[in-house]
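Since the structure comes first, as structure tokens, the remarks are kept for the end.
The values are calculated or read from the model by the stated rules, or taken from the named source; none is laboratory data. This structure is a prediction, so every number in the text was calculated from the model and none was measured. Using ideal geometry, Cβ is built from the backbone for each residue, glycine included, and neighbour counts are taken over all protein chains shown.
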Ligand SMILES: [Zn+2]
């Protein structure tokens, strides 16, 4: 395990886009904004500690405290901070001349993306269920604040009973282990799509995934292996626990799952990264996105999901959608629009 650890972090140190970004003035500027946001989170946490839960319920922009009550269940969007990504990572394969006016419309830079990371927390009776666990401290400078956010809701890692993964990319999985590589959620049981598990645990993946994502493969295998005895596998359509159904949404990763949390006629769809931003993914869902591993399949999944979500007016929580990721999909001619609830 020691050897793998070294490989993973030395690769990250050498990661060309992280290095380029660190030298880029825009990036440094964004860092300051993000650190301000991080300070806000802590200030807010201190504030919230002295307040009643009903104030948390109002939902506060950027820090992602917001909740939906459905029957006996409460669904929160809980912030793990945000990522800083080079625009090319997502926009690279898109038609650049058509892309420009869309980015302009959304005030989105083509150089850098700073998407939020919105972890879903479901509270049902004595169960506290997390959908993904954030990035932990070793992936991106402004992410990895999930534990602080849970603390603001009065929860510690020991209170988490179940963890359900949408997929095994770093910003969703790497928060699994603490700084000493021990599991951070000692009481939790884990679930993941069977196809997702098989892909990342396949010894060939590290050599076939491509240089750009090698660290993703090494990091996923090491973390998933650490919970191999506590994890169970999910298939499409399965009711993974009372009130939660899995829906295959393959393409972003080979076994990506979305989850529908339902009570009576109400439901919330946890869409993970199947619809990965609030601008281009809605405006041009058929375009290939650089952040998807199977771009054709991901586009088909996106179109199918957007159509269904708009038709059924389902509330969604998108891991990287604007503010706290909670909102609705609206059809807009041939395109779609994200209507944020904030
Ligand atoms: Zn993600």
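Values as computed for the structure displayed
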{"read-out": "Cross-chain or 6+ apart pairs with Cβ under 7 Å, the stretch 287-306 first and free of Cβ contacts under 8 Å to residues at least 40 places away in the same chain, then assigned to a loop (DSSP other than H, G, I, E, B) and away from the ligand (no atom under 16 Å from the Cβ)", "value": "303/285; 303/286; 306/285"}
{"read-out": "Among (1) buried (at least 18 other Cβ atoms within 10 Å of the Cβ); (2) over 22 Å from residue 171 (Cα atoms), the one test that residue 303 misses", "value": "(1)"}
{"read-out": "Pairs where the first residue, in the stretch 165-181, is within 17 Å of residue 228 (Cβ to Cβ) and the second is part of a strand (DSSP E or B) and within 10 Å of the ligand (Cβ to nearest atom), C-beta under 9 Å, 6+ apart", "value": "165/272"}
{"read-out": "Some residue of the stretch 142-159 being within 16 Å of the ligand (Cβ to nearest atom), within 21 Å of residue 274 (Cβ to Cβ) and assigned to a helix (DSSP H, G or I)", "value": "yes"}
{"read-out": "Pairs, first on the phi > 0 side of the Ramachandran plot in the stretch 264-280, second more than 16 Å from the ligand (Cβ to nearest atom), C-beta under 9 Å, six or more apart", "value": "264/70; 264/71"}
{"read-out": "Residues that are within 13 Å of the ligand (Cβ to nearest atom), over 10 Å from residue 75 (Cβ atoms) and touching a strand residue (DSSP E or B) at 6+ places or on another chain (Cβ under 7 Å), drawn from the stretch 263-276", "value": "271, 272, 274, 275"}
{"read-out": "Some residue of the stretch 310-320 being more than 16 Å from the ligand (Cβ to nearest atom), out of contact with any strand residue (DSSP E or B) (no Cβ under 7 Å at 6 or more places or on another chain), farther than 17 Å from residue 169 by Cα and at pLDDT 95 or above", "value": "yes"}
{"read-out": "Filter result (closer than 25 Å to residue 254 by Cα and without any contact (Cβ under 8 Å) to a residue 24 or more places away in the chain) within the stretch 308-342", "value": "308"}
{"read-out": "Qualifying residue in the stretch 99-112 (condition: within 16 Å of the ligand (Cβ to nearest atom), over 29 Å from residue 244 (Cα atoms) and either in a loop (DSSP other than H, G, I, E, B) or in contact with a strand residue (DSSP E or B) (Cβ under 6 Å, 6 or more places away or on another chain) (or both))", "value": "no"}
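Conditions (1) touching a strand residue (DSSP E or B) at 6+ places or on another chain (Cβ under 8 Å); (2) at pLDDT below 95; (3) surrounded by fewer than 18 Cβ atoms within 10 Å (Cβ to Cβ), marked per residue:
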site	(1), (2), (3)
118	yes, no, no
134	yes, no, no
159	yes, no, yes
163	yes, no, no
170	no, no, no
174	no, no, no
182	no, yes, yes
